[in-house]
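Trainee: Starting off with a structure, shown below.
The values are calculated or read from the model by the stated rules, or taken from the named source; none is laboratory data. Fair warning: this is a prediction, and the values are worked out from it, not measured in the lab. Note that each Cβ is placed from the backbone with ideal geometry, even for glycine, and that neighbours are counted across all protein chains shown. We work out accessible area using only protein heavy atoms, side chains counted, and drop any ligands, DNA or RNA first. Shrake-Rupley method; radii C 1.70, N 1.55, O 1.52, S 1.80 Å.
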Amino acid sequence: MTATDHAIELVHAAARAASDKQASQIIAFDVSEQLAITDAFVLASASNDRQVKSIVDEVEDKLREIGAKPIRREGERDGRWVLIDYGEIVVHVQHEEERQFYALERLWRDCPAIKLPADVVAHER
């Protein structure tokens, strides 16, 4: 089983939104084989708490435009790692320090990467 076409559409929209707000290290994984609760993870990093919030707001705005509403959101108060659960996908926006410490991409490295559109630019620092 692989991520649905709709999940891939959501991944692409979330990645574009993160890119628009200068996120770094934007990647996505198809976790559908490993998890029954979601099809894909999107990971994006930010250099500070304010940028984390800005990226989260943009992701929510862009996904709302295509009809997706989050089921839940966690971590917004601290602004260091915000998880937005859309059911089919889960978006993780992490402060760079949390990204290094938790290394989610290392945990999910056995899952296939989802190719992101060419217009998604991971703004490396």
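Trainee: How much of ILE27 can a 1.4 Å solvent probe reach, expressed as accessible area in Å² and rounded to 10?
Mentor: 50
Trainee: Just to confirm the filter: which trypsin sites (Lys or Arg not before Pro) across segment 25-92 are DSSP coil and have at most 11 other Cβ within 10 angstrom of their Cβ?
Mentor: Of the trypsin sites (Lys or Arg not before Pro), the ones in loops of segment 25-92 whose Cβ has at most 11 other Cβ atoms within 10 Å are ARG77.
Trainee: Quote to one decimal, in nm, the extra length available between SER47 and ALA113 on full extension: 0.36 nm per residue of separation minus the C-alpha distance between them. Don't skip to the end; give the middle numbers.
Mentor: Working: separation 66, 0.36 × 66 = 23.76 nm, distance 2.35 nm.
Full extension from SER47 to ALA113 adds 21.4 nm.
Trainee: Could you work out how far apart the two model spin labels at PHE101 and GLN22 are, taking each label as a point 7 Å from the Cα in the direction of the beta carbon, and quote it in nm?
Mentor: 2.4
Trainee: To the nearest 20 debye, what charge dipole does the chain have about its Cα centre, counting +1 at the Cβ of each Lys and Arg and -1 at the Cβ of each Asp and Glu? Before the final figure, lay out the partial values.
Mentor: Numbers: 16 positive and 24 negative charges, 48 e Å.
That gives the chain a dipole magnitude of about 240 debye.
Trainee: Could I ask something else about it? Using a Gaussian network model on the chain with a 10 Å cutoff between Cα atoms, which of ALA46, ALA113, ALA23 fluctuates the most?
Mentor: Looking only at ALA46, ALA113, ALA23, the largest GNM fluctuation is found for ALA113.
Trainee: Between HIS6 and ASP85, with labels modelled 7 Å along Cα→Cβ, what's the label distance in nm to one decimal, could you check?
Mentor: Between HIS6 and ASP85, the simple spin-label model gives 1.8 nm.
Trainee: Continuing with this model, one more query. Rounded to the nearest 20 debye, what is the charge dipole size of segment 41-104 about its Cα centre when +1 sits on each Lys and Arg Cβ and -1 on each Asp and Glu Cβ?
Mentor: For this selection, approximately 100 debye.
Trainee: Report the antiparallel proportion of the DSSP beta bridges in the chain as a percent, rounded to a multiple of 5. Numbers along the way, then the final one.
Mentor: On the way: 14 of 21 bridges.
Around 65 percent antiparallel, to the nearest 5.
Trainee: Here's another thing I want to ask about it. Along the positive direction of the dipole of the chain (beta-carbon charges: Lys, Arg +1; Asp, Glu -1; about the Cα centre), which of SER47, PRO70, GLN25 reaches farthest?
Mentor: SER47
Trainee: Share of segment 46-125's accessible area from carbon and sulfur, percent, 1.4 Å?
Mentor: The nonpolar share, carbon plus sulfur, comes to 49 percent.
Trainee: For the chain, what relative contact order do you get, as a whole percent, if you take Cα pairs closer than 8 Å and at least 6 residues apart?
Mentor: Working: 240 pairs, mean separation 41.4, N = 125.
Relative contact order comes out at 33 percent.
Trainee: Still on this structure, I have one more. For segment 1-121, what is the accessible area per residue in Å², given a 1.4 Å probe and the full set of protein chains?
Mentor: In whole numbers, segment 1-121 has 54 Å² accessible per residue.
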